[in-house]
Each structure stands twice: as C-alpha cells, then as structure tokens.
Amino acid sequence: MRAWLLKPNNATKTLIDIMASIKPLGQRVLVKRLEADAISAGGIVLPDTAKEKPQEAEVIALGTGGKDENGKDIEFAVAVGDKVLISKYGGSEVKLDGEEVLIMSESDILGIVS
C-alpha cells in the first residue's frame, strides 16, 4: 500500500489512519480519487472549477464481505492498493479529517487499471 501523506490542518495523516477510522460494511469499498491533471493536453492551466472529477481511484479499504445463497463467502475482485476506474458520480462522498473519500459498492467499480 502506498503511504500517501495527507496534511489537513497542519497535522500529518496517512491513509492507514483513515482506514482505521472507517470500515465499510458488506460488499462496499472505500476509495480515494486520484488527483486530476491541472494542465490540459494543450498546456492550459485549469482552475479547480473547470476540472472534471477523476475516474481513477485507489482502493484503501474493503468491507466485511457477504455470503451467497449457499452461505459461501463472496470474495472481493479488488484488493487494497488497486488502482480502479469508477463512475464520475458514483458512491457516497465522505469527508474524514478534511480528506474526501468515497464509499461505494464493489459492483460500482468499472474495472481495475493495470
């Protein structure tokens, strides 16, 4: 797992701290959107209001899982640290210590980026 440093309010926070503060339930996944490029393909610097929500995210926590009709555990197709594609407006945004993360169903993840 990457040890990103998040610095809200001049305090050092890591993704491990965020993972310890929230645990998704069921077949849900906690993801952090990856930063969008601040410069367009033509070299124009984009203000925050002109940037689109990035569709790439990193998985930072997995839920507790679920069971199928036969009582067998359903395994997650993604793992912590995977870079995934998500829909622009999918999931529920949650702000933890000044850092925005998303909780979404694993089925809302479009694919894994290799």
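Collect the residues in the range 52-109 that are within 11 Å of the chain's Cα centre (by Cα) and basic (K, R), keeping them in residue-number order.
Passing the criteria: only K83.
Determine which single condition E52 fails, assuming it passes every other condition in (1) part of a strand (DSSP E or B); (2) at pLDDT below 85; (3) acidic (D, E).
(1)
What number goes with the only condition from (1) modelled with pLDDT under 90; (2) in contact with a strand residue (DSSP E or B) (Cβ under 7 Å, 6 or more places away or on another chain); (3) loosely packed, with under 12 Cβ neighbours inside 10 Å that K23 does not pass?
(3)
Can you name the residue in the range 59-84 that is within 14 Å of K32 (Cβ to Cβ) and touching a Leu at 6+ places or on another chain (Cβ under 6 Å) and, of all such residues, is surrounded by the fewest Cβ atoms within 10 Å (Cβ to Cβ)?
A61
The values are calculated or read from the model by the stated rules, or taken from the named source; none is laboratory data. Because the structure is a prediction, the values reported are computed rather than measured. For neighbour counting, all protein chains shown are included, and Cβ atoms are generated from backbone atoms with ideal geometry for every residue, glycine included.
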